[in-house]
Each structure stands twice: as structure tokens, then as C-alpha cells.
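First up is the structure itself, then whatever we jot down about it.
The values are calculated or read from the model by the stated rules, or taken from the named source; none is laboratory data. What you see is a predicted model, and the numbers here were worked out from it, not measured in a lab. Cβ atoms come from the backbone with ideal geometry, glycine included; neighbour counts cover every protein chain shown.
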Amino acid sequence: MDPTKEIVKELKFDPQNPEYVYITTVEEANKAIDDLEKEKALGVDVESNSLDPFQTMLLTIQIGNDHKTWIFDARLLNLREIPRFKSLLENPQIIKILHNGKFDYKQIKMTTGIEMANLYDTMLTESILNAGLGAGYYKLKDLAMKYANYNMSKEIRETFITMSKNSRLTDDQLKYGAIDTLIMFPIFEAQLQQLSKHKLFEYCQA
């Protein structure tokens, strides 16, 4: 039996046509939060036009479950003035799954003042599973292939760099953002299985 098969998880979304809702109004945001508040774990990701949280323009915040993503346009929404959005991300009862979460945390905090709680970082977890050996930085693309046998395309990422406050997001950009949260779940599930198998849960708690 191939030992790698036990950790490869089936995708619960269609990579060619991921399900997402693009949120641009407060009414749409509150409707989305109605659904998101029911989840025990959420994938979270951001898109911005810079890697520097002090210089960046936050474009979108994607929040989703294992089969659907809600994409909040941070340019059209004043997320500081949507109390339920802040409460959702700061809720300690809901796990927030991120990859290289330090980056997303800084981007969200600098722009919205929100301090996310109960974070699970797939990149840091991978370092624990590999006992600190191997790559110092595990790319989401690599973990997607390892745990879901999915070859992620990252070419669209470069198109965000030139975007401004008035730039219109394309369908390809929105799909790209959606997949970045959706792919978190098979990775998360597979890593939990490995953490349990090797009795490493205590090392993942901060």
C-alpha cells in the first residue's frame, strides 16, 4: 500500500469553477456573515497590491468553508464599520485556517484594526510535521500538491500588484482568491491526521 495515499484528500470544490460570492455592500456582508458564523473552521486569505502591510492597499479578504468562499472587497466596504465582521474574525470559538498567517494577520490588522483569534497556520504546521528539517518556507502550492494532488496556478497573483482603488476585479482573480481559501481545508484535514498519528498536537498550541 502506498503510504502517501492515506494523507491525500479529495477536493470538495471544482478547481475550474469554484463557488464564491463577491461581496461589495454592507447588506451582502451581513448576509454572508449569517452563514460564516455557523462554521467551526474558516479558511482566511487576503489579496493586496503589496507585500508591505504599511504600504499596501488591501483589495479583498476571502473567508470560506470547504466548498464555498465569500470574497469581501476591502476597497468598497469599510470593514471597520461592520461590527459583525470584526466579531467573526476575533471569535475564539471559530478556527481560522491560514497559510503564512503572519502576513494575512498584519494586512488585516493594519487596514481594519481586527486582531484575528484562534489561528491555525498550515505553513507552520508543516514545519512541525517535518521536525524543522527541509524547506524553511513551505509554499501553499507545494502543500496543495502534497495533500490534495492539486497543481495550483499562481500566475494570477502578479495581476494584483498593479491594481488601484478603482480597478475592477476579473472573474479569474476572484476564482484565484476563492481557491486560496478552499484549498486550506484538505491541507488542514490531512495535517490534523498526521499530527494525531505522530502525537504532535501539543506542539501546535501557542
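Test A178 against the stated conditions and say whether it is surrounded by 20 or more Cβ atoms within 10 Å (Cβ to Cβ), of a type in the set (G, A, S) and out of contact with any helix residue (DSSP H, G or I) (no Cβ under 8 Å at 6 or more places or on another chain).
Values: surrounded by 20 or more Cβ atoms within 10 Å (Cβ to Cβ): yes; of a type in the set (G, A, S): yes; out of contact with any helix residue (DSSP H, G or I) (no Cβ under 8 Å at 6 or more places or on another chain): yes.
Criteria met by A178.
So that you can scan it fast, the table gives a plain yes or no per residue for (1) of a type in the set (F, W, Y); (2) touching a Leu at 6+ places or on another chain (Cβ under 6 Å):
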site	(1), (2)
T112	no, yes
A117	no, no
L124	no, no
I161	no, no
T181	no, no
F188	yes, no
Q193	no, no
L200	no, no
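Conditions (1) aromatic (F, W, Y); (2) at pLDDT 95 or above; (3) assigned to a loop (DSSP other than H, G, I, E, B); (4) in contact with a His (Cβ under 8 Å, 6 or more places away or on another chain), marked per residue:
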{"residue": "E6", "(1), (2), (3), (4)": "no, no, no, no"}
{"residue": "K9", "(1), (2), (3), (4)": "no, no, yes, no"}
{"residue": "N30", "(1), (2), (3), (4)": "no, yes, no, no"}
{"residue": "G43", "(1), (2), (3), (4)": "no, yes, no, no"}
{"residue": "Q62", "(1), (2), (3), (4)": "no, yes, no, no"}
{"residue": "L76", "(1), (2), (3), (4)": "no, yes, yes, no"}
{"residue": "R84", "(1), (2), (3), (4)": "no, yes, no, no"}
{"residue": "D104", "(1), (2), (3), (4)": "no, yes, no, no"}
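Look at M110 and say whether it is part of a loop (DSSP other than H, G, I, E, B) and in contact (Cβ under 8 Å) with a residue 24 or more places away in the chain. Against the criterion (part of a loop (DSSP other than H, G, I, E, B) and in contact (Cβ under 8 Å) with a residue 24 or more places away in the chain), M110 does not qualify. For region 150-159, the criterion of being in contact (Cβ under 8 Å) with a residue 12 or more places away in the chain, more than 14 Å from the chain's Cα centre (by Cα), surrounded by 14 or more Cβ atoms within 10 Å (Cβ to Cβ) and assigned to a helix (DSSP H, G or I) is met by at least one residue.
If we keep just the residues of region 98-112 that are within 15 Å of T181 (Cα to Cα) and in contact with a helix residue (DSSP H, G or I) (Cβ under 8 Å, 6 or more places away or on another chain), which is surrounded by the most Cβ atoms within 10 Å (Cβ to Cβ)? Filtering region 98-112 for residues that are within 15 Å of T181 (Cα to Cα) and in contact with a helix residue (DSSP H, G or I) (Cβ under 8 Å, 6 or more places away or on another chain), the one surrounded by the most Cβ atoms within 10 Å (Cβ to Cβ) comes out as H99.
Per-residue answers, yes or no, for (1) within 23 Å of A190 (Cα to Cα); (2) of a type in the set (V, I, T); (3) buried (at least 16 other Cβ atoms within 10 Å of the Cβ):
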site: I33; (1), (2), (3): no, yes, yes
site: G43; (1), (2), (3): yes, no, yes
site: E47; (1), (2), (3): no, no, yes
site: F54; (1), (2), (3): no, no, no
site: L58; (1), (2), (3): no, no, yes
site: D66; (1), (2), (3): yes, no, yes
site: T69; (1), (2), (3): yes, yes, yes
site: S87; (1), (2), (3): no, no, no
site: I94; (1), (2), (3): yes, yes, yes
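Pairing each residue of region 57-75 that is touching a residue at least 60 places away in the same chain (Cβ under 8 Å) with any residue that is part of a loop (DSSP other than H, G, I, E, B) and of a type in the set (D, E), provided the two are 6+ apart or on different chains, yields C-beta distances under 8 Å for N65/E39.
Would a scan of region 118-135 turn up a residue that is touching a Ser or Thr at 6+ places or on another chain (Cβ under 6 Å), in contact (Cβ under 8 Å) with a residue 12 or more places away in the chain and buried (at least 16 other Cβ atoms within 10 Å of the Cβ)?
First, pick out the residues of region 118-135 that are touching a Ser or Thr at 6+ places or on another chain (Cβ under 6 Å): none.
The answer is no; no qualifying residue exists.
Considering only residues in region 125-146 that are under 16 Å from the mean Cα position of the chain (by Cα), in a helix (DSSP H, G or I) and not acidic (D, E), the one that is nearest to S196 (Cα to Cα) turns out to be T125.
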